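Nothing in this text is a laboratory measurement; each read-out follows from the coordinates by a stated rule. Computed from a prediction, not measured in an experiment: that's the story for all the values here. So basically every Cβ, Gly included, is an ideal-geometry build from the backbone, and we count neighbours across all protein chains shown.
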Amino acid sequence: MAQFEIPQEQWAQVVEKTGGPPVYKKIPVQKPGPDEVLINIKYSGVCHTDLHAMNGDWPLDTKMPLVGGHEGAGVVVAKGSLVDNIELGDHVGIKWLGGSCLNCEFCMEGDEPLCPHALLSGYTVDGTFQQYAIGKAAHVARIPKDLDLAAVAPVLCAGITVYKGLKESGARAGQYVAIVGAGGGLGSLALQYAKAMGLHTIAIDGGAAKGEFCKSLGASAYVDFTTSKDLVADVRAATPGNVGPRGVLLLAVSEGPFHQATEYVRSHGVVVCIGMPAGAYFKAPVFDTVVRMITVKGSYVGNRLDTLEAIEFFRLGLIKAPFEVVPLSTLPEIFEKMEAGKIVGRMVVDTSK
Ligand code: 8ID
Ligand code: ZN
């Protein structure tokens, strides 16, 4: 069995007060409990959720001080006494759902994200913006050893979430889905998962650069919300017969598009809410919802099987969303760019720098 030298201290980005910014500093390396593993995180994707966590946007308290991050991929370097199905040296990932009780009716039904005792990585427990993170053995994602850890990191939240969202939309191969916020982190993965699932995509986001980017990821149409004179008509026009897309994945971090989606979704279509703009409400006309038989639902990350399936799509070479690797020390600048909507695709931090 592999042996690893584990330092006493490590570099981390620590949010010390709500509102941030994160502070790059040395903190102690923790020891895994009996049902936990210690993971040498090599790379972590940066999700907009990490920014919500730092800003205290949501009606759910974070731990404080907080090490954020929940798209971390790395190597198991230590494990607790009860962990008998993971070896030192195995490659694993920490995802948003860090742990769940595995005994409540939600866990039993495979709805672990709904467990009342769920642990949220980088939110209620420390996450992956550090060199050594703790994961519950039952919940860490298994990553085949031949996969590039930087490239697979964004799959651990963005990939799982959009893959689940596409399943929740009920859209089948050959049908159309609209991806709102398609040029962002979740959006870029959504375009790739949708393509791999045989779906046509209508990408919605702002600016020419994101348009080029979405087209390069296989979008069949791009609607620019900053220049479109009639977004509803433009989205419908991108589907055969102008009937609108079967499914809509709402990934944007602003409230407006949540109100528009029921206007352009196809009758009997499904609107899936995934993005979580602070303080936002969903609004839809009751009349249209009834007579056009529209379904509106939320979708929240994915369970362990969704995780395995999302990684399998990646292993098969079907998911090639561009990402940019930068040092962990630059996290505050990433958050600034994210706040301004200037990130195209996903940023991934290298924890060794
Ligand atoms: O399980 C879940 N439901 C889950 C999982 C992971 C992330 C939910 N999220 C949430 C995050 O907390 C965040 O609120 O999904 C949202 C998107 O996360 P992200 O993809 O990591 O964010 P991003 O990279 O900043 O991308 C957002 C995109 O939305 C576009 C922006 O231009 C950007 O490309 N956008 C905005 I802001 N307003 C838009 C609009 N009106 C828009 N696109 C189209 N129309
Ligand atoms: Zn996330």
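One table, with the values for the structure above:
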item: Model label zone, Ser81; criterion: amide N under 19 Å from point 7 Å along Cα-to-beta-carbon; scope region 15-31; result: 31
item: Within region 70-143: Cβ-based charge dipole about Cα centre, in debye rounded to nearest 20 (Lys, Arg +1; Asp, Glu -1); result: 220 debye
item: The chain: most fluctuating residue of Pro34, Pro113, Pro21 per GNM, C-alpha cutoff 10 Å; result: Pro34
item: Global form of region 159-298, assessed from the alpha-carbon gyration tensor, a/c cut-off 1.5; result: rounded
item: Region 1-57: GluC sites (Glu not before Pro) in DSSP coil with no more than 11 other Cβ atoms inside 10 Å; result: Glu5
item: Ser254/Phe4 FRET efficiency (R0 35 Å; Cβ-Cβ; nearest 0.05); result: 0.20
item: For region 268-353: rounded, prolate or oblate by the Cα gyration tensor [a/c cutoff 1.5]; result: oblate
item: Additional length obtainable on full extension of the chain from Ser267 to Val325, 0.36 nm per residue less Cα span; result: 16.7 nm
item: Length-normalised contact order for region 159-298 - Cα pairs under 8 Å, 6+ apart - percent; result: 22 percent
item: DSSP-loop trypsin sites (Lys or Arg not before Pro) across region 1-38, with at most 12 other Cβ within 10 angstrom; result: Lys17
item: Ordering of 44-52, 317-325 by packing [mean C-beta count within 10 Å, highest first]; result: 44-52, 317-325
item: Cα-based shape type of region 184-259, given that a ≥ b ≥ c are square roots of the gyration tensor eigenvalues and the cut on a/c is 1.5; result: rounded
item: Rounded Å value of the spacing that divides the Cα centres of region 165-201 and region 221-280; result: 13 Å
item: Rg over Rh [alpha-carbon atoms, Kirkwood Rh] for the chain; result: 0.97
item: Mean Cβ neighbour count within 10 Å, used as a protection proxy, ranking 170-182, 214-226 highest first; result: 170-182, 214-226
item: Difference of contour (0.36 nm per residue) and Cα-Cα distance, Leu88 to Leu60; result: 6.6 nm
item: Normalised contact order of the chain, rounded percent, pairs of Cα under 8 Å and 6 or more residues apart; result: 18 percent
item: Charge-dipole axis of region 1-83 as Lys and Arg at +1 and Asp and Glu at -1 on Cβ define it, positive-most pick from Leu38, His48, Gly68; result: Leu38
item: Region 93-154: relative contact order in percent, alpha carbon pairs under 8 Å with at least 6 residues between; result: 38 percent
item: Net lengthening on full extension, Lys342/Lys17 (0.36 nm per residue, minus Cα-Cα); result: 114.5 nm
item: Gaussian network model of the chain, springs between alpha carbon atoms under 10 Å - residue of Phe258, Phe129, Phe313 with greatest fluctuation; result: Phe313
